[in-house]
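The values are calculated or read from the model by the stated rules, or taken from the named source; none is laboratory data. Just so we're clear, the structure is a prediction, and the values are computed from it rather than from any experiment. Every residue, glycine as well, gets a Cβ built from its backbone with ideal geometry; the counts of neighbours run over all protein chains shown.
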Amino acid sequence: MVSVQRMESTMSERSGSSLGAQPDHEVVIIGAGVAGLYQIKRLVDMGVGAVVLERDPDLGGTWYRNRYPGSRFDSESYTYGYSWSQELLDEWHWTERFSPQPETLRYLNFVAEKFDLRQHIRFNAAVESMTFDDDEAIWRVKLSDGGEELTTRFVVTAIGVLSVPTYPQIEGMDSFHGPSFHPFDWPTEPVDLAGKRVAVIGTGATAIQLIPEVAKEAEHLTVFQRRPNWAAPLNNGLISTEEMADIRSRYDQIFERCSQTAAGFEHDSDRRGFWKVPREERLEFWDSLYDGPGFGIWLQNFLEIFLDAEANAEFSEYIADRIRQRVDDPVLAEKLIPRDHGFGIQRVPLETHYFEAYNRDNVTLVDALETPIERITPTGIQTADAEYEFDLIVYATGFDAFTGAFDQMDIVGSGGAKLADKWADGPKTYLGLLVNEFPNFVMLAGPQIAATNFPRAIEPAVDWATDLLAEMWEKGHRSFDADADAEQQWHDDVAATYDLVLAGKAQSWITGYNSNLEGHEYGKTRYNIYQGGAPRYMARIRDVANDGYQGVHFT
């Protein structure tokens, strides 16, 4: 690694006449969430002139925005936190096995305060556009409010995978007299649900967390469901002082274990062979997983449920039976069981008393396939056969995954290339980190990165990006760009992983499906993630770096 002194000297030399005027910043990071905080920490430690631009009034990203009731990790807390500071690991006490949103936001603020990161963050600084200046080899970054322009040599995006909510296209949405919003836009002030008639449109992962909490407070909750979703118990619990001490003593082993599993969790697939284990033993095994915490029911299961349609169908029927046991009304139970995909084919939402919520007298399920929503009225929702009155409507209708946050900015690369045009039919990247024709531009958790426990993917990505920038400074390079052939090869490699797993054909954000977005229809696959497993992905990006950044062109 290049020394800080040598690097600072090199950066100073590079700001001379060969590159024109010195830019405002050496590096601009967009986003002050989990990825952005670690990236600014790495650069500050190296003495780099960097700034984080954050659109929101405060830090946290996903965990600042998703403040709706019930919002929490589905990763074990101690596998989600940062691993790069021993002090941080020693000092922070996770209070729940799966941290709720307020605690997670406190954690990120604790990190920022401990390492004095706030001074490097500009809040309420939404990026409207950024354009690469070929002559000067700098990025010109324009902010939304007032049109202020910043210049920087490098841009690193840390804008999240699910950070742009999608609202449905329903007639009359602006006419409703009461409050209405997406869970991502949940108000900062507490929402009083007591005595209120509440509608939740959608039964995806967010709604599955939200619905049981709303049911506890609202006078009546009506859920409008178009496609039921598989879900399994979170089985959360408190972490005692003694257990936290034990976790601290094992952090090295925990993170090492996560690095070895396909999804970056402690859970790993059972490889005994689905058909080699007698059915009675399979059922006992599934009972233990279903009653256990977290993603064990999904990720610790037989490998065949991801690959073999017959094995998946048998396991899906097991989960269907568990749902039937939890819902009192047999007819209603059947409506909550998916028929168009098997369990685990889409990312599995983890829930706390979700199915039991439908046993309450104050909860009604409306099948929006049988009786579609026709319009929003000033007082509620009109379906094909009835009109419902509400005091509040929640649109839990998903996100413009992976590429949505990029689409909100007008990003223009070398020679006037527009990222929106390049990605019109789906993303194309090199390693999920770089994009051809967009020099000096790095994405953290961009599209086509490995699907994995988020921070376990973020930390290697930040380290890789930081090492690439250090290489630039050490060698005195003017710019870097991904080679077109290397980018195409990576795209083909990502696409090939979709043929290996049942999830490759799912109606989900993994394949780019979103009925609320034009061009995101089912069957028009967008290759959003690498599905070959985190270990293979991490080995690939390490090999590229160790081979002198193979597939990257330096100027």
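A few notes on this one:
- Flag if TYR64 is in contact with an Asp or Glu (Cβ under 6 Å, 6 or more places away or on another chain), of a type in the set (Phe, Trp, Tyr), touching a residue at least 24 places away in the same chain (Cβ under 8 Å) and assigned by TED's automatic domain parsing to the domain that holds GLY146: yes
- Strands (runs of 3 or more DSSP E) contained in segment 347-386 and holding at least 2 residues β-branched (Val, Ile, Thr), surrounded by fewer than 20 Cβ atoms within 10 Å (Cβ to Cβ) and over 31 Å from the mean Cα position of the chain (by Cα): none
- For segment 225-261, the tally of residues that are among the hydrophobic types (A, V, I, L, M, F, W, C) and in contact with a Ser or Thr (Cβ under 7 Å, 6 or more places away or on another chain) stands at 6.
- Test result for LYS216, closer than 24 Å to ILE323 by Cα, of a type outside the set (Phe, Trp, Tyr), out of contact with any Phe, Trp or Tyr (no Cβ under 8 Å at 6 or more places or on another chain) and surrounded by fewer than 20 Cβ atoms within 10 Å (Cβ to Cβ): yes
- Helices (runs of 4 or more DSSP H) contained entirely in segment 191-291, each with at least 3 residues that are among the β-branched types (Val, Ile, Thr) and in contact with a strand residue (DSSP E or B) (Cβ under 7 Å, 6 or more places away or on another chain): 205-217
- Among the numbered conditions (1) surrounded by fewer than 17 Cβ atoms within 10 Å (Cβ to Cβ); (2) touching a residue at least 24 places away in the same chain (Cβ under 8 Å); (3) over 21 Å from the mean Cα position of the chain (by Cα); (4) within 30 Å of TRP84 (Cα to Cα), the only one that ILE239 does not meet is (1).
- Pairs are defined by a Cβ separation below 6 Å, a sequence spacing of at least 6 or placement on different chains, a first member in segment 475-503 that is in contact (Cβ under 8 Å) with a residue 60 or more places away in the chain and assigned to a helix (DSSP H, G or I), and a second member that is crowded, with 19+ Cβ neighbours inside 10 Å and among the β-branched types (Val, Ile, Thr); the pairs so defined are LEU502/ILE345; ALA503/ILE345; ALA503/ILE510.
- Selection count where residues are without any contact (Cβ under 8 Å) to a residue 60 or more places away in the chain and either hydroxyl-bearing (Ser, Thr, Tyr) or over 24 Å from GLU242 (Cα atoms) (or both), scope segment 67-122: 10
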